[in-house]
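Q: Once you've had a glance at the structure underneath, I'll fire off some questions.
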């Protein structure tokens with residue numbers, strides 16, 4: 001692929017017992033030199049988030065890639081990791097930055113730009129509302145954690161690269177689940193950037209992937 005520089009979260013993260021759901025990590029491959037960037041914020045399951053400085057010809061870009069575990073099988077760990085990701089990305093809030101990966105969210109995107117998180121349910125009227133009880137709590141914290149990055153991050157400076165280019169009129173999916181005879185599409189894989197035009201253009205030369 002012409003990407004000679006490689007980092008992976010197994011090498012950049014503290015040592016842990018790579019078993020069960022923690023046997024998976026993430027990797028970044030790039031045409032440009034890469035350097036691991038340690039975070040000041042603790043990240044549970046640190047192997048699920050990899051941060052790097054990418055030395056491009058036009059300057060350094062901070063690149064983060066993640067694989068957020070699904071909440072259905074990992075419960076509140078999903079929320080804790082999403083909250084930690086928002087904290088880590090906010091550390092480079094004044095620099096060109098790209099965040100990409102598998103977020104296992106949202107549940108659905110509406111054509112008017114609203115997202116439906118897994119802390120919400122769709123009512124009979126077609127409108128989303130918070131679950132009264134969700135994972136032994138209300139859906140409020142869960143909903144907030146899934147919204148922070150898609151809605152711009154802590155500082156509201158991130159842009160959804162796909163939606164920046166195509167708005168919400170176009171529906172595309174990166175993963176499908178089959179329930180009986182029904183096939184349901186989800187857009188779980190995302191690239192968020194700041195500023196949008198510069199980071200999106202530069203990130204086309206860098207690949208992010210799950211690694212296990």
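Read-outs: derived from the displayed coordinates by stated rules, not from any lab. Quick caveat: nothing in here was measured; it's all calculated off a predicted structure. As a convention, Cβ positions derive from the backbone with ideal geometry for all residues, glycine included, and neighbour counts pool all protein chains shown.
Q: Within the chain, what percent of beta bridges assigned by DSSP are antiparallel, to the nearest 5?
A: About 85 percent, rounded to the nearest 5.
Q: Could you line up 39, 174 from fewest to most neighbouring Cβ atoms inside 10 Å?
A: In order of increasing Cβ crowding within 10 Å: 174, 39.
Q: Fewest to most neighbouring Cβ within 10 Å: what's the order for 160, 189, 137, 112?
A: Working: 160 21, 189 18, 137 13, 112 6.
Lowest to highest Cβ neighbour count: 112, 137, 189, 160.
Q: State, as an integer percentage, the relative contact order of the chain based on alpha-carbon contacts under 8 Å between residues 6 or more apart.
A: Value for the chain: 22 percent.
Q: Within 10 Å of each residue's Cβ, count the other Cβ atoms and sort 162, 168 from fewest upward.
A: Exposure proxy ranking, most exposed first: 168, 162.
Q: Compute the relative contact order of region 33-136 as a whole-number percentage, counting only Cα pairs closer than 8 Å that sit 6 or more residues apart in sequence.
A: On the way: 139 pairs, mean separation 21.4, N = 104.
Worked out over region 33-136, it gives 21 percent.
Q: A further question follows. Can you give the calculated 222 nm mean residue ellipticity of the chain, where each DSSP H run of n ≥ 4 adds -39,500 (n - 2.57) and the sum is split over every residue, rounded to the nearest 500 deg cm²/dmol?
A: -5500 deg cm²/dmol
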